[in-house]
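Accompanying notes for the structure given below.
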Amino acid sequence: MLRSCAARLRTLGAGRGGARPPAGNPGPAQRWFSSEKLSANDRSLPNPSWNKDLRLLFEQFMKKCEDGSWTHMPSYSYKNTLSTQDFTTLIRDGKLPNKHLSQAQLFTRSYEEGLGFEYVMFYNDAENRTICFFQGGPYLQGAPGFLHGGAISTMIDATLGTSAMIAVGIVMTANLNITFKRPIPLGSAVVINSQVDKIEGRKVFVSCNVRSADEKTVYTEATSLFIKLEPGKSLT
Ligand SMILES: CCCCCCCCCCCCCCCCCC(=O)SCCNC(=O)CCNC(=O)[C@H](O)C(C)(C)COP(=O)(O)OP(=O)(O)OC[C@H]1O[C@@H](n2cnc3c(N)ncnc32)[C@H](O)[C@@H]1OP(=O)(O)O
């Protein structure tokens, strides 16, 4: 059975060495999810590029957060931050050249406002669900007027990855299976509804579908396997 989200988030930071981070010195998970210090740079809040549907969905779910059933997840570009350093140290023994690290930022937050990935995620602890509201901008075009399949896959990976991370800690995608059923119009708001289906040891099986904001059209379906990283085991 999945543990409560709060407990999982507390232990995420302990995964590397077994010790809980001391008070005032949050572990990686607390840094991703805590909005206290970074809220000014939170990219998951409405901006002028958001269409009416995306705003409405955001407002509806912010209301649902009031009773604690859903939680809003802030999101940052992670430009040259400690959390990126932590992850690199974990899987590569810190061997990534510093020059690259200093330029690094989260792919889905690397476009200017409105041009690429505009999205916000919420999670529901009791139901092990993460929901993402996503509006793809003009730089994500594939077939004329529609989103590129790689951009859709990216947001699916990010949403499913977030679900898996909330469940077990730091993970990487081992496998991602996607069925594209209908093309997604550029600039439209869609709903990526994901859930953790099963956890077996370090393996986390997750799935999702992508629907229109009115839920009438199913655009995409996906299943995926994430693997929890083992502390001290280099992947390179
Ligand atoms: C701390 C800070 C973090 C900083 C982040 C800050 C920002 C965060 C913001 C929010 C993030 C949002 C989430 C984004 C998610 C994106 C994730 C990616 O794109 S990731 C990029 C894209 N992904 C990559 O680049 C990953 C590349 N691949 C790898 O690195 C490795 O293959 C691995 C890590 C996936 C597993 O390696 P390894 O740890 O050595 O594991 P083993 O070989 O020992 O196997 C363990 C078990 O798993 C089984 N199993 C394994 N694979 C498969 C499979 N494909 N099929 C089926 N099964 C598979 C295997 O059979 C075994 O089963 P069993 O015997 O126990 O029953």
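The values are calculated or read from the model by the stated rules, or taken from the named source; none is laboratory data. Just so it is clear, the model here is predicted, and its values are computed rather than measured. Counting neighbours? That spans all protein chains shown, and the Cβs are built from the backbone with ideal geometry, glycine included. Calculation scope for accessible area: heavy atoms of the full protein, side chains included, ligands and nucleic acids excluded. Shrake-Rupley method; radii C 1.70, N 1.55, O 1.52, S 1.80 Å.
Strands (runs of 3 or more DSSP E) fully within the stretch 105-182 that include at least 3 residues being within 14 Å of the ligand (Cβ to nearest atom) and open to solvent by less than 50 Å² (accessible area, probe 1.4 Å): 117-124, 129-136. Among the residues of the stretch 215-229, the ones that are in contact with a Gly (Cβ under 9 Å, 6 or more places away or on another chain) and open to solvent by 30 Å² or more (accessible area, probe 1.4 Å) come to 1 in all. Looking only at the stretch 185-231, which residues are more than 21 Å from TRP70 (Cβ to Cβ), in contact (Cβ under 8 Å) with a residue 40 or more places away in the chain and assigned to a loop (DSSP other than H, G, I, E, B)? LEU186, GLY187, SER188, LEU229, PRO231 - these are the residues of the stretch 185-231 that are more than 21 Å from TRP70 (Cβ to Cβ), in contact (Cβ under 8 Å) with a residue 40 or more places away in the chain and assigned to a loop (DSSP other than H, G, I, E, B).
Can you confirm whether the stretch 202-214 contains a residue that is under 19 Å from TYR119 (Cβ atoms) and open to solvent by 70 Å² or more (accessible area, probe 1.4 Å)? Within the stretch 202-214, one or more residues are under 19 Å from TYR119 (Cβ atoms) and open to solvent by 70 Å² or more (accessible area, probe 1.4 Å).
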